[in-house]
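Here's the structure we're looking at; comments come further down.
The values are calculated or read from the model by the stated rules, or taken from the named source; none is laboratory data. It should be emphasised that the depicted structure is a prediction, and the values quoted were computed from it without experimental measurement. Neighbour counts are summed over all protein chains in view; Cβ atoms, including those assigned to glycine, are modelled from backbone coordinates with ideal geometry. Heavy atoms of the whole protein, side chains included, go into the accessibility calculation; ligands, DNA and RNA do not. Shrake-Rupley method; radii C 1.70, N 1.55, O 1.52, S 1.80 Å.
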Amino acid sequence: MRWSTSRDSLIVAGGSVLILAVLAWGAVRETQRILAEGKQIYTEACATCHGDDGRGQVTGLGFRVPLPDFTWCA
């Protein structure tokens, strides 16, 4: 029994959609992992001076030069 060309195309398209969905799910999971890791690094190494929000408005650290505001990228 030979399948029709349209049925073959439908199967290939469905398989392609499934593969793309799996790849997208994996990319989202990896992005979430990277963001969580970055947040942990910032909390441990940067937040003491630059604050939890990245604005650098922490006082009493003894710096004469103002700390950069990481929320303003200019």
List the pairs whose first member sits in the stretch 27-53 and is under 13 Å from PHE70 (Cβ atoms), whose second member is exposed (fewer than 10 other Cβ atoms within 10 Å of the Cβ) and among the hydrophobic types (A, V, I, L, M, F, W, C), and whose Cβ atoms are under 7 Å apart, counting only residues at least 6 apart or on separate chains? CYS49/LEU61
Among the residues of the stretch 48-63, the number that are in a loop (DSSP other than H, G, I, E, B) and open to solvent by less than 40 Å² (accessible area, probe 1.4 Å) is 3
Let me spell it out: the conditions are (1) outside any loop (DSSP other than H, G, I, E, B); (2) hydroxyl-bearing (Ser, Thr, Tyr); (3) surrounded by 10 or more Cβ atoms within 10 Å (Cβ to Cβ), and SER6 meets all of them except one. Which number is the exception? (3)
If you go through SER16, SER9, the only one that is more than 28 Å from the chain's Cα centre (by Cα) and of a type in the set (S, T, N, Q) is SER9
With respect to the numbered conditions (1) open to solvent by less than 70 Å² (accessible area, probe 1.4 Å); (2) assigned to a loop (DSSP other than H, G, I, E, B), which one is the sole condition not fulfilled by GLY15? (2)
Given (1) loosely packed, with under 10 Cβ neighbours inside 10 Å; (2) within 19 Å of the chain's Cα centre (by Cα), number of the condition THR31 does not satisfy: (1)
